[in-house]
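Each value in this text was obtained by applying a stated rule to the coordinates, not by laboratory testing. Owing to the predicted nature of the structure, the values given are computational and were not obtained by experimental measurement. Heads up, the Cβs are rebuilt from the backbone with ideal geometry, glycines too, and the neighbour counts pull from every protein chain shown.
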Amino acid sequence: MRYIFTRLGFYFLAFLFAVTINFFLPRMMPGDPISSFLGRLAQSGGQITPETIAALEALYGYSTSVPLWQQFIGYLQSIMVGEWGVSTRFFQPVIEVLGRGTQWTLLLVGGYLLISYTLTTFLGIYVAWKRGTWADSLITVGSVVISSIPAVVMALLLYFAFASNLGWFPTGYAYDPALDPAYTWEFVSSVLYHLALPMIAMVLLGMGNVMGMRSNMINQLGEDFIVMGWAKGVRDRKVMFSYGARNAILPMITSFAMSVGAIFGGSLIIEIIFNYPGLGQVMFQAMLARDYPLIQGYLLMMTIMVLSANFIADMLLFALDPRLRTALD
Amino acid sequence: MKFLKSLKAMFLSNPKASVGASMVLIIFVLCFGAPLFTDYEPNARIARPHQAPSADHIVGTTRMGRDVLSQTLYGGRTSIMVGFVAGGFVMLMAMVVGISAGYFGGWVDNILSFFTNMVMVIPSLPLMLVLAAFLDQVSPFVIAVIIGATSWPWGARVIRAQTLSIRNRDFIHAAEVMGERKRRMLFFEVMPNMMSILASCLIGTIIYAIMTEATLGFIGLGDPLSVTWGVMLYNAQQTSAIRIGAWWEILAPSVMLASLAIGLALINFSIDEVSNPKLRAQRIMAKFRREQKVEAKKKAAAIRNAGSEPMEAKA
């Protein structure tokens with residue numbers, strides 16, 4: 001129990017750290033968002049009155065008259081109650097815009113984690129078992145080569161070949177815009193169809209995990225208890241899964257926790273290229289319009305998701321590794 | 001001749017590393033010797049827009065009528081430089097933090113590890129996007145610095161773990177007893193023993209930095225006047241090269257990016273294989289098994305021959 005609370009405390013501190021970055025960054029940068037907004041307004045021939053400036057200051061929570069630490073406290077309060085500001089691109093509360101994108105990103109990333117980790121774990125176990133054979137060389141070298149292709153390149157090429165040129169997959173949207181969201185087969189299949197190509201791209205990019213699983217498994221297969229298993233006459237399949245893989249999976253969960261930030265980063269570029277309406281797409285729109293409240297909200301949302309994934313990984317390790325439990329109790 | 005022979009032997013003994021190294025070498029020669037391979041300036045309008053590949057323009061022209069080949073080669077210089085500068089920066093941070101945390105232990109380790117973990121759980125790509133957005137279209141060098149500042153924790157953690165395991169070996173205790181100074185211990189006792197980890201970490205970060213530069217450039221955060229692979233992809237996307245079917249504009253930087261990354265990854269892969277004793281043992285075992293098989297075949301053939309000879313004699 002104490003372990004869980006320590007972790008939760010750490011995640012809370014990390015979240016505060018992200019909030020602090022978010023607060024101080026715009027204030028440290030040359031030129032503030034308000035004067036850049038005013039500049040754009042003046043360019044388009046808009047009226048600038050003291051009321052406009054006051055309204056903008058209220059909008060951004062950014063002011064020159066209030067001391068910095070008071071601004072910071074106010075910022076923290078509004079973050080905690082879910083007031084993340086108003087998007088200047090969509091003219092809606094940031095949290096609503098982000099919420100719309102988050103569901104699709106969670107679908108994409110969640111599906112990716114399920115497919116990719118199942119696939120790479122089993123492949124890793126298999127090639128470690130067959131190490132030194134041609135199947136091993138083929139799969140390991142192949143996965144290294146495929147996973148080291150940059151995400152931008154992989155996504156662009158797949159999109160160009162299969163969506164734009166051959167037309168096998170849709171070129172945008174999360175589902176057919178002619179359909180209404182409902183739990184019907186028609187709608188669900190449309191969602192899956194639109195999800196397929198971005199998902200394939202992500203799974204291909206994640207093939208590098210085969211290497212991690214393989215080397216964990218090889219390390220485990222060198223241990224004495226494996227020899228003991230064989231000496232006792234335990235069947236191969238049981239040695240492979242119950243003796244070797246069970247231990248080899250544990251470092252994979254740690255590496256999952258370490259790479260989850262990169263996975264969300266990868267989903268960003270995939271969503272942009274495949275026009276998939278997730279968080280990445282929202283971020284791209286915000287980027288193009290220099291919508292600072294939305295950009296900052298995006299960083300906070302990402303941090304929350306990564307922290308939650310880390311917490312889930314902690315709990316999984318706790319449940320799967322008896323050594324961890326006994327050491328802590 | 002002798003040189004060629006030894007080269008061939010090296011190639012055969014470690015094909016993955018050799019293929020990777022030659023890929024990287026070819027790209028380096030192409031990019032840094034760009035004037036030898038193309039007559040055009042990367043930013044000069046020299047033809048009509050969106051020309052398909054032809055003898056004059058081997059990989060066609062862009063929307064702006066610029067030669068794609070020369071853009072790819074000259075742009076590669078910047079992309080590679082960003083990769084190496086950022087990679088070096090990340091390594092420096094990771095080494096300082098990782099080695100001091102692992103070596104000094106105690107409260108130094110606690111503080112540094114806490115800080116490392118904190119930065120690690122903040123997703124680095126979104127953080128970079130926020131930084132770059134506030135800096136507004138930044139030069140390639142600033143992109144390298146941003147990548148460096150946000151991406152060091154992973155390396156720091158790996159290096160710390162390795163330092164911890166070296167720290168408790170006998171030769172370090174022996175050096176301590178002999179009264180060696182701290183600086184000498186760090187640089188002459190600890191560091192040489194983790195060279196392979198440092199090397200593979202450095203190559204890993206360079207791959208990561210080159211990819212990230214391409215990503216940031218593609219999203220439109222790079223300076224639009226600079227020529228890098230990321231900015232080329234951004235321009236291609238912005239001028240809807242895909243919809244028009246101008247595949248050459250996308251393909252040229254993509255192929256270069258992918259081959260550089262794959263080449264570096266293959267080198268990294270074989271560094272791992274050489275430095276990890278368990279993986280190395282497995283290669284030696286595979287060779288041993290192959291030889292055993294050949295041996296067994298020879299024996300079988302010998303027995304068969306021996307078996308058939310008397311028959312012939314009888315006949």
Which order do the peptides B:201-207, B:13-19 come out in when sorted by mean C-beta neighbours inside 10 angstrom, highest first? B:201-207, B:13-19
Between helix A:246-273 and chain A: long-axis angle, C-alpha atoms, 0 to 90°, nearest 10: 40
Region A:195-243 - Rg (one decimal) and Dmax (whole number), Cα, Å: 16.1, 48
Looking only at other chains, what is the average number of their beta-carbon atoms within 10 angstrom of each beta-carbon in A:130-137? 3
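Helix by helix, which DSSP H runs in chain B go 27 Å or more along their axis at the Cα atoms and have an average Kyte-Doolittle hydropathy of 1.6 or more?
Numbers: long enough: B:68-104 (52 Å, 1.35); B:195-219 (36 Å, 1.74); B:247-275 (41 Å, 1.25); B:277-314 (55 Å, -1.07).
The answer, listed by residue number, is B:195-219.
For peptide A:259-272, compute the average count of partner chain beta-carbon atoms within 10 Å of each residue's beta-carbon. Don't jump to the answer; show the numbers that get you there.
Numbers: counts 1, 2, 10, 6, 1, 3, 9, 3, 1, 6, 6, 0, 0, 4.
For this peptide, the per-residue mean of nearby foreign Cβ atoms is 4.
How large is the Kirkwood hydrodynamic radius of region A:194-321, counting all unique pairs of alpha carbons, in Å? Walk me through the intermediate numbers first.
Working: mean 1/r = 0.0577 Å⁻¹.
About 17.3 Å, per the Kirkwood formula over Cα pairs.
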What does the structure give for B:109-121 when I average, per residue, the other chain Cβ atoms found within 10 Å of the residue Cβ? 3
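Over the Cα atoms of region A:164-228, Rg to Rh with Kirkwood Rh, two decimal places? Please report the intermediate quantities before stating the final value.
Details: Rg = 20.5 Å, Rh = 15.3 Å.
Radius of gyration relative to Kirkwood radius: 1.33.
Please compute the volume of the convex hull spanned by the alpha-carbon atoms of the protein assembly as shown and report it per residue in Å³.
272
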Using only Cα atoms, find the angle between the long axis of helix A:209-221 and the longest principal axis of chain A, and express it within 0 to 90 degrees, rounded to the nearest 10. 40
How much FRET efficiency would the formula 1/(1 + (r/R0)^6) give for A:Leu288 and B:Asp170, where r is the Cβ-Cβ distance and R0 is 56 Å, rounded to 0.05? 0.40
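Just the number, please: Stokes-Einstein D of region A:95-320 in µm²/s, Kirkwood Rh from C-alpha pairs, 20 °C, 1.002 mPa s.
Values: Rh = 19.4 Å.
In µm²/s, the coefficient rounds to 111.
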For each of B:Trp152, A:Trp69, count neighbouring Cβ atoms within 10 Å of the residue's Cβ, then give the residues from fewest to most. A:Trp69, B:Trp152
Taking the dipole of region B:2-275 about the Cα centre (Lys, Arg +1; Asp, Glu -1; charges at Cβ), the one of B:Val231, B:His57, B:Met256 that reaches farthest to the positive side is B:Met256
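Translational diffusion coefficient of region B:2-275 at 4 °C, 1.567 mPa s, Stokes-Einstein with Kirkwood Rh over Cα pairs, in µm²/s as a whole number. Walk me through the intermediate numbers first.
Numbers: Rh = 20.7 Å.
My calculation gives 62 µm²/s for D.
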Please report B:Ile250, A:Ile95 as a ranked list, fewest other C-beta atoms within 10 angstrom at the top and most at the bottom. A:Ile95, B:Ile250
Using alpha carbons only, how many degrees (0 to 90, rounded to 10) separate the axis of helix A:2-28 from the longest principal axis of chain A? 40
Of the residues B:Ala34, B:Ala175, B:Ala144, which exhibits the maximal mean-square fluctuation in a Gaussian network model of chain B defined by a 10 Å Cα contact cut-off? B:Ala175
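Where Lys and Arg each count +1 and Asp and Glu each count -1, what net charge lies around A:Thr88 among other residues with Cβ under 9 Å from its Cβ? Walk me through the intermediate numbers first.
Values: positive: A:Arg89, A:Arg290; negative: A:Asp291.
In short, +1.
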For region A:88-134, take every pair of Cα atoms, bin their distances at 5 Å starting from 0, and report each bin as a whole percent. 5, 17, 14, 12, 10, 10, 8, 7, 6, 5, 4, 2
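Among B:252-258, A:51-57, how do they line up by average Cβ neighbours within 10 Å per residue, starting with the highest?
Numbers: B:252-258: 23.3, A:51-57: 13.7.
Highest to lowest by the protection proxy: B:252-258, A:51-57.
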